[in-house]
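Notes to accompany the following structure.
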Amino acid sequence: MPEASGRPAYDDTNVFARILRGEIPCKRVYEDAFALAFHDIAPQAPVHVLVIPKGPYLSLSDFGRHASEAEIAGFWRAVATVTAQLGLEDAGYRALTNIGQDGGQEVPHFHVHLFAGRRLGRMVPASG
Ligand code: AMP
């Protein structure tokens, strides 16, 4: 249900909101005031970590439009801290965020996937 502003409402029952509230566990990699990083429950690469902002943002677009400067800076600093902490930068990695239906977003809380640990192949599958 959109808010009066036209901004879609954030559903605070989503699984990442529940992880942030400590209602369900996660395999935590990193946490600070702005972000939480944890291992994906169904990894699609040898390293598959999710980084999420602590605030209630639906997607990259919602985050970019509505988050404060401090939240935006803090979140992307946290992503860089995680890639350094996990030692991903020399061999390389992929950062990806799915947005909405065509993007294949399943969890409506903005998150960045970090994939690493093997050659990751094509950026987008040919079809599907
Ligand atoms: P997306 O399709 O971009 O919304 O990705 C959602 C991701 O969240 C998927 O890769 C799921 O495997 C992952 N996921 C769902 N539930 C959990 C959970 N409880 N802990 C960790 N990862 C999860």
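Coordinate-derived values only; no laboratory data. Being a predicted model, the structure only gives us computed values, none of them experimental. Reconstructed Cβ throughout: ideal geometry from the backbone, glycine too, with neighbour counts over all protein chains shown.
Could you run through segment 40-75 and say how many residues are more than 11 Å from the chain's Cα centre (by Cα), within 14 Å of the ligand (Cβ to nearest atom) and assigned to a loop (DSSP other than H, G, I, E, B)?
Residues in segment 40-75 being more than 11 Å from the chain's Cα centre (by Cα), within 14 Å of the ligand (Cβ to nearest atom) and assigned to a loop (DSSP other than H, G, I, E, B): 5 in total.
Quick check on my filter: what residues within segment 48-58 are touching a strand residue (DSSP E or B) at 6+ places or on another chain (Cβ under 9 Å) and crowded, with 20+ Cβ neighbours inside 10 Å?
VAL49, LEU50, VAL51, ILE52, PRO53, LEU58
If you go through segment 94-112 one residue at a time, how many are closer than 21 Å to ILE19 by Cα and among the acidic types (Asp, Glu)?
Looking only at that region, the number is 1.
Can you report the number of residues in segment 22-39 which are touching a residue at least 40 places away in the same chain (Cβ under 8 Å) and either over 22 Å from GLY87 (Cβ atoms) or more than 14 Å from the ligand (Cβ to nearest atom) (or both)?
5
Identify all residues within segment 77-128 that are free of Cβ contacts under 8 Å to residues at least 60 places away in the same chain, more than 15 Å from the ligand (Cβ to nearest atom), in a loop (DSSP other than H, G, I, E, B) and not hydrophobic (A, V, I, L, M, F, W, C); write none if there are none.
GLY87, GLU89, ASP90, GLY92, TYR93, ARG119, GLY121, ARG122, SER127, listed by residue number.
Report the residue count in segment 25-73 for those that are within 18 Å of THR13 (Cα to Cα) and basic (Lys, Arg).
Total meeting the criteria: 1.
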